[in-house]
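The values are calculated or read from the model by the stated rules, or taken from the named source; none is laboratory data. This structure is a prediction, so every number in the text was calculated from the model and none was measured. Glycine also receives a Cβ, built like all others from the backbone with ideal geometry; neighbour counts cover every protein chain displayed.
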Number of protein chains: 2
Amino acid sequence: MPQRYFVNELNDTITGQDAHHITKVMRMKTGDEVIVCHQRSCFSVSLDINQQEVRYKIIKKLTNPVTVDITLIQGLPKHPKTETVVKYATVYGVSSIIFTPMNRSIAKLENSDKKLSRLKLIAKEASELAHRFDVPDILMIQSLKDLDLSVYDFVLLADENQKTTSLKDAFNIDISNLKIAVIIGPEGGISDQERQLLLSQKVVPVSLGQYILPTEIASLYVLSYLSVKNS
Amino acid sequence: MPQRYFVNELNDTITGQDAHHITKVMRMKTGDEVIVCHQRSCFSVSLDINQQEVRYKIIKKLTNPVTVDITLIQGLPKHPKTETVVKYATVYGVSSIIFTPMNRSIAKLENSDKKLSRLKLIAKEASELAHRFDVPDILMIQSLKDLDLSVYDFVLLADENQKTTSLKDAFNIDISNLKIAVIIGPEGGISDQERQLLLSQKVVPVSLGQYILPTEIASLYVLSYLSVKNS
């Protein structure tokens, strides 16, 4: 499969690090094909390379995949688990990731601008490798209380106290046009206080199976199930 | 939840590194409760600690979870991805893992005794953290051709050439008593030659969704779907 690049503007030129990657790392030549993506659209293009200047001509627009709109609300884990969350949830198709410190988070929201730009770069690279059509949004917020859950049609809470409701039970509905959110606690899980707060809203507690999953990969359980269900 | 230990023998004593963990790391005391597991059975036990000697009394046997029998046949990836495969597939409930070099494997099967004992330790620790009832077997074999696939009721091949058959289509059956295997290629995927070899046997090629998954976490897509389906 050809290399994929997410560009900020859809003109006929690739610049910056992507141009460097094409000319210096991949050593591509005029006539080589790559995929250029912008605002959830991807195009197969033919390159025209003149030294470091990389121009392209669109050959055809690719067909968008059928996706589910899933936001991961992730209790802030310790570094480098934030990076694992972003990399793996991105390849599993998450739409956006919101990190927030929760009661049991050991990590703090410090240098968040710098961390955020690093995480956005990881999301971009993972999107390219996974052949996504878009790059998920990454956000950091100060507190779970600042979240407006009313923007979602369906909010799940991964809850190890929940032994009976599986994803199959929770998603006994057509999900194709829903805006879904899933809340995953940090290491040590959500606290009782957080559970009360969330259950007093429209949040549905679910079991993520028989075993205790590490926080950095717990969302994959939900993302893969919804991907298969929607296939 | 109490700490969990997998023991080699079910007598009334915990020895070795587990005893060290109980007395020195966790600083437990007589009367503290832990869970002791042996041969797919787990027991809640009360400790009786006399200096470094750790004895226990069984309080009750725990109820075994409902599980699916899934073997992961994993194209040997580069280090340390082998460790990621073992850690994460274990917490997602895999029954056993067989590593084998495939055509596109860059890693080689060298020092396999030493690597295997390290991977078995990772599997044991991940099983404890995940609250499993058993530790998955880890094996290494020289070649895909040495595998006897006839021992499985159902063998899946994760195949990026396969765009139509999803897991939902492939598993349109009751899986509760089946012995299932899933084959995942190394970085770069399976080769055409391997695909031919496998398809000439009873192997079912399936799509793992819209995106290209990194080899070290591709099996989680299958493990989570089967866990939900069987719930």
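Here is a check on your reading of the model: is A:S231 within 28 Å of A:R132 (Cα to Cα) and not in a helix (DSSP H, G or I)?
yes
A:R55: closer than 23 Å to A:D153 by Cβ and not assigned by TED's automatic domain parsing to the domain that holds A:L213, yes or no?
In short, no.
Would you confirm whether or not the stretch B:31-46 contains a residue that is aliphatic (A, V, I, L, M), touching a Cys at 6+ places or on another chain (Cβ under 9 Å) and not assigned by TED's automatic domain parsing to the domain that holds B:P136?
yes
What is the residue count in the stretch A:101-128 for residues that are hydrophobic (A, V, I, L, M, F, W, C) and assigned to a helix (DSSP H, G or I)?
Qualifying residue count, the stretch A:101-128: 6.
Cβ-Cβ under 7 Å, sequence separation 6+ or interchain: first residue in the stretch A:217-230 and more than 9 Å from chain B (Cβ to nearest Cβ), partner assigned to a helix (DSSP H, G or I). Which pairs?
A:S219/A:A89
Being out of contact with any Leu (no Cβ under 7 Å at 6 or more places or on another chain) and either more than 14 Å from chain B (Cβ to nearest Cβ) or among the small types (G, A, S) (or both) is the filter here; which residues of the stretch A:203-212 pass it?
Listed by number, the residues that qualify are A:S207, A:G209.
Tell me whether the stretch B:190-204 contains one or more residues that are within 30 Å of A:I212 (Cα to Cα) and not aliphatic (A, V, I, L, M).
Among the residues of the stretch B:190-204, not one is within 30 Å of A:I212 (Cα to Cα) and not aliphatic (A, V, I, L, M), which makes the answer no.
Here is a check on your reading of the model: is B:D146 of a type in the set (D, E), surrounded by 21 or more Cβ atoms within 10 Å (Cβ to Cβ) and either within 12 Å of another protein chain (Cβ to nearest Cβ) or within 26 Å of B:K87 (Cβ to Cβ) (or both)?
no
Of the numbered conditions (1) over 22 Å from B:V85 (Cβ atoms); (2) within 12 Å of chain A (Cβ to nearest Cβ); (3) in a loop (DSSP other than H, G, I, E, B); (4) not aromatic (F, W, Y), B:D174 fails exactly one; give the number of that condition.
All conditions are met except number (2).
Within the stretch A:129-137, is there a residue that is more than 14 Å from chain B (Cβ to nearest Cβ), surrounded by fewer than 19 Cβ atoms within 10 Å (Cβ to Cβ) and part of a loop (DSSP other than H, G, I, E, B)?
Taking every residue of the stretch A:129-137 in turn, none turns out to be more than 14 Å from chain B (Cβ to nearest Cβ), surrounded by fewer than 19 Cβ atoms within 10 Å (Cβ to Cβ) and part of a loop (DSSP other than H, G, I, E, B).
Counting only residues that are more than 23 Å from the chain's Cα centre (by Cα) and surrounded by 15 or more Cβ atoms within 10 Å (Cβ to Cβ), give me the strands (runs of 3 or more DSSP E) lying completely in the stretch B:17-68 with at least 2 of them.
Result: B:41-50, B:53-61.
Is it true that some residue in the stretch B:190-198 is in contact with a helix residue (DSSP H, G or I) (Cβ under 9 Å, 6 or more places away or on another chain), of a type in the set (S, T, N, Q) and in contact (Cβ under 8 Å) with a residue 60 or more places away in the chain?
Within the stretch B:190-198, not a single residue is in contact with a helix residue (DSSP H, G or I) (Cβ under 9 Å, 6 or more places away or on another chain), of a type in the set (S, T, N, Q) and in contact (Cβ under 8 Å) with a residue 60 or more places away in the chain.
When you check B:I180 against the structure, is it assigned to a helix (DSSP H, G or I), in contact with an Asp or Glu (Cβ under 7 Å, 6 or more places away or on another chain) and over 19 Å from A:N230 (Cα atoms), yes or no?
Considered against the rule, which asks whether it is assigned to a helix (DSSP H, G or I), in contact with an Asp or Glu (Cβ under 7 Å, 6 or more places away or on another chain) and over 19 Å from A:N230 (Cα atoms), B:I180 comes out as no.
Against the condition touching a Lys or Arg at 6+ places or on another chain (Cβ under 7 Å), surrounded by fewer than 22 Cβ atoms within 10 Å (Cβ to Cβ), more than 9 Å from chain A (Cβ to nearest Cβ) and farther than 26 Å from A:A218 by Cα, how does B:D153 come out, does it pass?
Against the criterion (touching a Lys or Arg at 6+ places or on another chain (Cβ under 7 Å), surrounded by fewer than 22 Cβ atoms within 10 Å (Cβ to Cβ), more than 9 Å from chain A (Cβ to nearest Cβ) and farther than 26 Å from A:A218 by Cα), B:D153 qualifies.
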